[in-house]
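Peer 1: Supplied in structure tokens, the structure appears directly below.
Read-outs throughout are calculated quantities, based only on the coordinates presented, and are distinct from any laboratory measurement. Since we're looking at a predicted model, the values are computed, not measured. Note that we place each Cβ from the backbone using ideal geometry, even for glycine, and neighbour counts take in every protein chain shown.
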Amino acid sequence: MWNIGNDVERISCRFVDDGHFEHWFDQAQGTDRFMACVADVATSQDKCLEVGVAAGNTIYALVPIEGKWTMTRGAVFSYREFEWPASDRLTDEKWQQMVREGKAPPAPVWTKSFTTGE
């Protein structure tokens, strides 16, 4: 856990440092380039429970850098869970279109205790 940020930075910088920044975009194609994805996790009669990630949320954190507390900013996954007709199960493509059009259901009420809104 302590080194995960270092590992992600090292991997990200490798694409920039070797002069092949364009390879970063080769790692994901089409639907996989947008973080939004969805899965149905339970079905009951004519409804299913969908769990999805919409666009990312911003996170601010104080971290010690060289002995000084520094405010940093990053991204975290958002979260959605909602009932959906089982006859119309969502694909990532359909879900991403809903997110882009602002038609994604809101985050669950319980997430309001640790988020500031979207």
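Peer 1: When you scan region 81-118, how many residues do you find that are assigned to a helix (DSSP H, G or I) and touching a helix residue (DSSP H, G or I) at 6+ places or on another chain (Cβ under 6 Å)?
Peer 2: Counting residues in region 81-118 that are assigned to a helix (DSSP H, G or I) and touching a helix residue (DSSP H, G or I) at 6+ places or on another chain (Cβ under 6 Å) gives 2.
Peer 1: Checking residue 116 against (1) free of Cβ contacts under 8 Å to residues at least 40 places away in the same chain; (2) surrounded by 11 or more Cβ atoms within 10 Å (Cβ to Cβ), only one condition comes out false. Which one?
Peer 2: Status for residue 116: all satisfied but (2).
Peer 1: I need the full set of residues from region 94-113 which are touching a residue at least 12 places away in the same chain (Cβ under 8 Å), surrounded by 14 or more Cβ atoms within 10 Å (Cβ to Cβ) and not hydroxyl-bearing (Ser, Thr, Tyr), in order please.
Peer 2: Within region 94-113, 95, 96, 99, 104, 105, 107 meet the criteria.
Peer 1: Which count do you get for residues in region 72-96 that are within 11 Å of residue 37 (Cα to Cα), under 15 Å from the mean Cα position of the chain (by Cα) and not acidic (Asp, Glu)?
Peer 2: 6
Peer 1: Continuing with this model, one more query. Anything in region 48-71 that is touching a Phe, Trp or Tyr at 6+ places or on another chain (Cβ under 7 Å) and farther than 24 Å from residue 84 by Cα? List them, or say none.
Peer 2: 62, 71
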